[in-house]
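This report refers to the structure that appears directly beneath it.
The values are calculated or read from the model by the stated rules, or taken from the named source; none is laboratory data. As the structure is a prediction and not an experimental result, all values here were calculated from the model. Neighbour counts run over all protein chains shown; Cβ positions are idealised from the backbone, glycine included. With ligands, DNA and RNA removed, areas are computed over all heavy atoms of the protein, side chains included. Shrake-Rupley method; radii C 1.70, N 1.55, O 1.52, S 1.80 Å.
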Amino acid sequence: MKKFLYFSFILCTLLYMSCSKEFKDPTPSPSNSELVTQEFEYAATTPQLGMLGRTLFFDKSLSKNGSVSCGSCHKQSKGFADDKPFSTGFNGESTLRNTPPIQNLTSSFSSGEFGFPGQSLFWDGRTRSLRDMVFEPTTNHIEMGLGSPSELLQRVESKGYYQQLFVEAFGSKEVTISRVSEALGGFVA
């Protein structure tokens, strides 16, 4: 009976502490700039790279008809997921699956540390590469509808505001698959 009472007391104390407005987590929270500059395998290593990735992520002009962006389905307010059973693509069609969350994709488990091969990405696990993952939705016939990654590059190059963002992130205005992938991957990581 004493063990039960002791266990109940501990459980109630923990429950109270987790619900109490007075309870403070003793670990300091990193500032936004620290979060952007944490160095993971694909994470943005500078605020400029993070800004470029964010701009690409929310740019609707990178879909076939300019109606959706990555952020249209990966809603920041919903933990970078979607609250619908099936997301809506560029033509108003429903996608085949719910949009999965994309935060923390460079955790120890997903980056292949500790002997794990890395987290499968997409619901069907078709890739384990964050750099590959960022292009698949842009060329999907329902999601964003572009014909190829080259069409994505042409759209980015046609927008004047990207020139300065690429210069700030990479030191030149050259737009490449690798650079777009690094920026997008760094933002979602």
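Below is a table of values for the structure above.
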item	result
Residue match in region 9-24 (condition: at pLDDT below 85, surrounded by fewer than 18 Cβ atoms within 10 Å (Cβ to Cβ) and on the phi > 0 side of the Ramachandran plot)	no
Unmet requirement for SER72, which otherwise passes all of (1) open to solvent by less than 20 Å² (accessible area, probe 1.4 Å); (2) of a type in the set (Gly, Ala, Ser); (3) modelled with pLDDT of 90 or more	(1)
Test: ILE142 is in contact with a strand residue (DSSP E or B) (Cβ under 9 Å, 6 or more places away or on another chain) and of a type in the set (A, V, I, L, M)	yes
Residue selected from region 51-60 under the condition touching a helix residue (DSSP H, G or I) at 6+ places or on another chain (Cβ under 7 Å) and open to solvent by less than 30 Å² (accessible area, probe 1.4 Å), by the criterion farthest from LEU165 (Cα to Cα)	PHE57
Hits in region 156-189 - residues which are among the basic types (Lys, Arg) and either open to solvent by less than 60 Å² (accessible area, probe 1.4 Å) or over 17 Å from SER63 (Cα atoms) (or both)	LYS173, ARG179
Where ASP132 falls short, out of the listed (1) assigned to a loop (DSSP other than H, G, I, E, B); (2) modelled with pLDDT of 65 or more; (3) within 21 Å of VAL180 (Cα to Cα)	(1)
Residue in region 102-124 that is surrounded by fewer than 20 Cβ atoms within 10 Å (Cβ to Cβ) and modelled with pLDDT of 85 or more present	no
In region 76-101, residue modelled with the highest pLDDT [restricted to those that are under 18 Å from LEU184 (Cβ atoms) and open to solvent by 50 Å² or more (accessible area, probe 1.4 Å)]	GLN76
